[in-house]
Structures are given as structure tokens and as C-alpha cells.
């Protein structure tokens, strides 16, 4: 699967580790930056790059890392067509895809360490939307909210 990864300076090191890890799982990774932990940058810029990659079809899913994960999640969800979730456990990571068709995973590099992040990313990347009628119905309602606004 094509997965885009992006981060601000606070998430740089975890993002780099996750990009390498995703490749070992057989995924095609597109690193959208940032390229340094030493130069402060703004998380909305990188969350938007990841969201745009998903919406355009350049990536099927994306992972965005910032300090807490919250800012990246808020910013990514402002892009039409994005369903980003902040997940710091494996259950939410796979359930968010299976039930809610989550297409961007947000992580906080100051909240979790690499070992847990690897497990969460594996759960996210390995999950598929269930296509169960109850989940499709709920997703249609979410998409209707997006269209109305």
C-alpha cells in the first residue's frame, strides 16, 4: 500500500523510524517532510501535505506525527475527504479503519515511544474498512456532515 508520512520537527525522529518500519512491512512510503528536528516548522503545513496526498490518490493512507498528535489531527481533518484519528493504542488504530474508514493516523512523538508506535502503525496499515452495512450507514452520515459544511 502507498502510505505517506509527514511530521513537524517534534515528530521528525519517530516519523523517520516509522517510514523505515513501513518499508519492512512491504509498503511503499512517501516521506513528505520535514527533514530535520533542528528547524522548527508548523504541523498544519505537514498535516495538509499528508491529507492532500490521500485526497489526490498519491497515497491510500497517511501517518502524521507531531508532539502530541492533537494538532496534526485537527489540521488534517480540515481537509475534505479526510478522516484522521489520533491513536495511541492498537485497538483504536485498526478499529478506526474497520468501522470509520480512517485514512490518516496521527501520533504524538512526545506521548509514545517507537515500540508502541510500530505496533499501532502495523494495526493501522493492516486494517481494512469492514463494508458492513452499519458502518457504511454511519460513514454516509459523516460524509453528509462534511458536504453540509
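The values are calculated or read from the model by the stated rules, or taken from the named source; none is laboratory data. Keep in mind that what you see is a predicted model, and the values were worked out from it rather than measured. Cβ placement follows ideal geometry from the backbone for every residue including glycine, while neighbour counts extend to all protein chains displayed.
Summary of computed values
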quantity: One residue from 87, 73 being surrounded by 23 or more Cβ atoms within 10 Å (Cβ to Cβ), modelled with pLDDT of 95 or more and within 17 Å of residue 115 (Cα to Cα); calculated: 87
quantity: Selection within the stretch 6-26 - in contact with a helix residue (DSSP H, G or I) (Cβ under 7 Å, 6 or more places away or on another chain), under 15 Å from residue 61 (Cβ atoms) and surrounded by 17 or more Cβ atoms within 10 Å (Cβ to Cβ); calculated: 6, 18, 21, 22
quantity: Meets criteria (closer than 22 Å to residue 145 by Cα, touching a helix residue (DSSP H, G or I) at 6+ places or on another chain (Cβ under 9 Å) and surrounded by 23 or more Cβ atoms within 10 Å (Cβ to Cβ)) for residue 65; calculated: no
quantity: Helices (runs of 4 or more DSSP H) completely within the stretch 44-149 that count 1 or more residues being farther than 23 Å from residue 24 by Cβ, out of contact with any strand residue (DSSP E or B) (no Cβ under 8 Å at 6 or more places or on another chain) and touching a residue at least 24 places away in the same chain (Cβ under 8 Å); calculated: 70-76, 90-100, 133-148
quantity: Checklist (1) in contact (Cβ under 8 Å) with a residue 24 or more places away in the chain; (2) surrounded by fewer than 16 Cβ atoms within 10 Å (Cβ to Cβ); (3) in a loop (DSSP other than H, G, I, E, B) applied to residue 41, failing item; calculated: (2)
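Here's the yes/no breakdown for (1) part of a helix (DSSP H, G or I); (2) under 13 Å from residue 125 (Cα atoms):
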{"position": "19", "(1), (2)": "yes, yes"}
{"position": "23", "(1), (2)": "yes, yes"}
{"position": "26", "(1), (2)": "no, yes"}
{"position": "36", "(1), (2)": "no, no"}
